[in-house]
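Note sheet for the following structure.
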Amino acid sequence: YFSHHPEITMVHWGTYCDDSEGLDLFTEDGNPLASYYALMIYQNMPVDRVQASSALENVKVMASCDGKEAGVVLWNIGESEEEISLVIEGIPGTDGTLEIYRIDTEHASVWENEASVYEPVEGYENVSATALTWKGQIPANGTVYICWKDAGTEAEDEKESQIGEVIRKDYYYA
């Protein structure tokens, strides 16, 4: 299974186990769990954290922005659905795309729904950075990731790494 997923660079026994203890990332047959997608959201957010707050006791929030992208994660720690009205201010930019991702019983959670996948459930183009709002619901124990990207930002799979230079590739064939 893992040979078909080059984005996975390392797996420890503690993250691959499927015994309901600890932070399991995959089922025994290799399907990503909700915790995997939560970590992926965190990885995909811009590095620079910005101030964010929630008026709802059971809804927690984290936000980041780097001028070309902005991300907001909202998660509901309560046992009932929460109605959200989100306003994002201060994004330096013009127009861009807005994508909404979810982790809940219907999305990106193989325990509750084997057919669920991690993909945008809503998407909008030509969204102004100066008037960014979103209204929706977060189910009990659910997560919503709202991602805005400047229209000139490259897609994740089109970015080239600027970290270093590849001098040798090693291949292992079993």
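Taking first residues from region 40-66 that are under 15 Å from Tyr101 (Cα atoms) and among the hydroxyl-bearing types (Ser, Thr, Tyr) and partners that are open to solvent by 100 Å² or more (accessible area, probe 1.4 Å) and in a loop (DSSP other than H, G, I, E, B), no Cβ contact under 8 Å between residues at least 6 apart in sequence or on separate chains turns up. Of all residues in region 125-139, those that are in contact with a Ser or Thr (Cβ under 7 Å, 6 or more places away or on another chain) and open to solvent by 40 Å² or more (accessible area, probe 1.4 Å) total 2. All conditions but one from (1) within 30 Å of Glu28 (Cα to Cα); (2) touching a Lys or Arg at 6+ places or on another chain (Cβ under 9 Å); (3) modelled with pLDDT under 85 apply to Ala174; the one that does not is (2).
The values are calculated or read from the model by the stated rules, or taken from the named source; none is laboratory data. These numbers come from a predicted model, not from an experiment. Neighbour counts are summed over all protein chains in view; Cβ atoms, including those assigned to glycine, are modelled from backbone coordinates with ideal geometry. Heavy atoms of the whole protein, side chains included, go into the accessibility calculation; ligands, DNA and RNA do not. Shrake-Rupley method; radii C 1.70, N 1.55, O 1.52, S 1.80 Å.
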